[in-house]
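Structure first, commentary second.
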Amino acid sequence: MFFRSKVAGVGSFLPEKVLTNYDLEKMVDTSHDWILQRTGIERRHVVDENEGTSDLCVRAANNALKDANMTVDQIDLIMVATVTPDYKMPACACLVQAKLGAKNIMAFDINAACSGFIYGLFIADQFIKTGAYKNILVIGAENLTRLLNYKDRDTCILFGDGAGAFILSQTSATDENYLMTAHAHAEGAHAELLWSKGGGTRYPISQQVLDDGSHYMQMKGKEIFKNATRTMATACKEALAAINKTAADIDWIVPHQANLRITEAVANQFDFPMARIVSTVHETGNTSAASIPIAFDMAYKDGRIKRGQLILLTAFGAGLTSGSAILRF
């Protein structure tokens, strides 16, 4: 029997603490106007000292369950897309499973950086199509501010914390509201454009790693901008072609919230109006794998995104990874 997957519920969570551009002016050589002009970011949310990534996941997941009118015992798989898990092991998804009270189900993490949520949707869709699972919790969550070097203005101004979640559920082959297509890619040859070199098994934590700061995120901004625009535009075109649609058929594009200038550059590739692109980067900064579900949920809650609309999701991230998906919500 052939099944489709639909988005049964969405939810998100942003920590209460806010770090504004004006706050950053006191911490690093930058200014509110400089950050806003180059990124579109005004503020970002920061985890409480007692919060971990798994705690953000649980808050977003519970909101998604409420939206779907479901209980946790109906979930039969949990995936967490993150590059900032609570620990190197176990998987953050296992901690989320325990905190939600989900019993004896599969739970695992996905590390595809900012494209992680798209990767998660792609994987979940395969499980549902084959009939292996009926209700899958896909979470994107990051606790990035704990890994930033606040002496490096090229990175510390960009990132924030938060989590977003979708519940993908099995539906019939005749349901018109479903995940129509999803695509995921990687170009590992560009890995060094955005990475945290120290802290893994090749360069384990040592005094030298701490002294030279190689455990912090490092980015080559100009190259990332160029590759982000290229890969996101290509991924969008791939998704549209797969279902024989054009940009004019799309109600909303929800891109990875990395940088407003990147979003504008991608929109120009399609002559797509910015008024129909969901942008929350001014409020959240770049929340990596969490950015698409957070932006989607914010637009859903304020009434921009409605059931029955055709939505295009697209992302790029460290790896370099990229991906896209189109769903009839």
*Measuring from label point to label point, each 7 Å out along Cα→Cβ, what is the LYS17 to ALA189 span in nm?*
4.2
*Give the longest segment of the chain that steers clear of GluC sites (Glu not before Pro) in DSSP loops with at most 13 neighbouring Cβ atoms within 10 Å, not counting the sites themselves.*
177-329
*Enter the Cα centre distance for the pair segment 121-178 and segment 25-76, rounded to the nearest angstrom.*
13
_Could you work out how much longer the chain between ASP211 and SER196 gets when fully extended? Use 0.36 nm per residue separation minus the Cα distance between them, nm to one decimal._
4.0 nm
_If I take the Cα coordinates of the chain and project them onto the principal axes, what are the three extents in Å, biggest first?_
57, 47, 37
_Given the DSSP H assignment, sum -39500 (n - 2.57) over each helix run of at least 4 residues in the chain and divide by its residue total; what's the result at 222 nm in deg cm²/dmol, nearest 500?_
-10000 deg cm²/dmol
*What ranking of SER169, SER279 emerges when the number of other C-beta atoms within 10 Å of each C-beta is taken as an exposure proxy, fewest first?*
SER279, SER169
*Order by neighbour count: ARG44, ARG59, ARG307, fewest other Cβ atoms within 10 Å first, most last.*
ARG307, ARG59, ARG44
*asked:* How large is the direction-averaged shadow of the alpha-carbon convex hull of segment 3-172, in nm²?
replied: 10.2
*Hey, got a sec? Which chymotrypsin sites (Phe, Trp or Tyr not before Pro) in segment 1-87 land in a DSSP loop and have at most 15 other Cβ atoms within 10 Å?*
PHE2, TYR87
*Quick one: length gained pulling HIS32 to LYS226 fully straight, 0.36 nm per residue minus the C-alpha distance?*
67.4 nm
*If contacts are Cα pairs under 8 angstrom and at least 6 residues apart, what is the relative contact order of the chain in percent?*
26
*In terms of the Cα gyration tensor, with a ≥ b ≥ c the square roots of its eigenvalues, is segment 80-145 rounded because a/c is under 1.5, prolate because a/b exceeds b/c, or oblate?*
oblate
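Values quoted throughout were computed directly from the atomic coordinates according to the rules given, and no laboratory measurement underlies them. Being a predicted model, the structure only gives us computed values, none of them experimental. Positions of Cβ are generated from backbone atoms using ideal geometry, with glycine treated the same way; all protein chains shown enter the neighbour counts.
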